[in-house]
Amino acid sequence: MSTLTIRLPDDKHERLKALAEARKISVNKLIDELATIALANHDARIRFETRARRGNVKRALRLLDSLGDT
């Protein structure tokens, strides 16, 4: 496991501590959870963009048009 030092404004640090206390977890665990969410969002965006580049715009528009007929 790695150790990471970050610099935060004091007010942001206090807010993170309060959030961690409210969730009954450590600030370390809170940051780990937030990092996991950020990475999952990033991975989902990359997958979406990759699939979108492979897509066929005309086919997608035809599909959307057919949905309007139901």
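Laboratory data are not the source of any read-out in this text; all were calculated from the coordinates shown. Keep in mind it's a predicted model, so treat the numbers as computed, not measured. For neighbour counting, all protein chains shown are included, and Cβ atoms are generated from backbone atoms with ideal geometry for every residue, glycine included.
Somewhere in the stretch 60-67, is a residue assigned to a helix (DSSP H, G or I), exposed (fewer than 10 other Cβ atoms within 10 Å of the Cβ) and among the aliphatic types (A, V, I, L, M)?
Residues of the stretch 60-67 that are assigned to a helix (DSSP H, G or I), as a first pass: 60-67.
Going one step further and asking which of them are exposed (fewer than 10 other Cβ atoms within 10 Å of the Cβ), we end up with 64-67.
Pick out the ones that are also among the aliphatic types (A, V, I, L, M) and you get 64, 67.
Within the stretch 60-67, one or more residues are assigned to a helix (DSSP H, G or I), exposed (fewer than 10 other Cβ atoms within 10 Å of the Cβ) and among the aliphatic types (A, V, I, L, M).
Within the stretch 1-52, count every residue that is surrounded by 11 or more Cβ atoms within 10 Å (Cβ to Cβ), among the β-branched types (Val, Ile, Thr) and outside any helix (DSSP H, G or I).
Of the residues in that region, 1 qualify.
Among the residues of the stretch 16-70, write down those that are farther than 26 Å from SER2 by Cα and β-branched (Val, Ile, Thr).
THR50, VAL57, THR70
Does the stretch 1-16 hold any residues that are closer than 16 Å to LEU34 by Cα and of a type in the set (A, V, I, L, M, F, W, C), and which are they?
If the condition is that a residue be closer than 16 Å to LEU34 by Cα and of a type in the set (A, V, I, L, M, F, W, C), then LEU4, ILE6, LEU8, LEU16 are the ones that fit.
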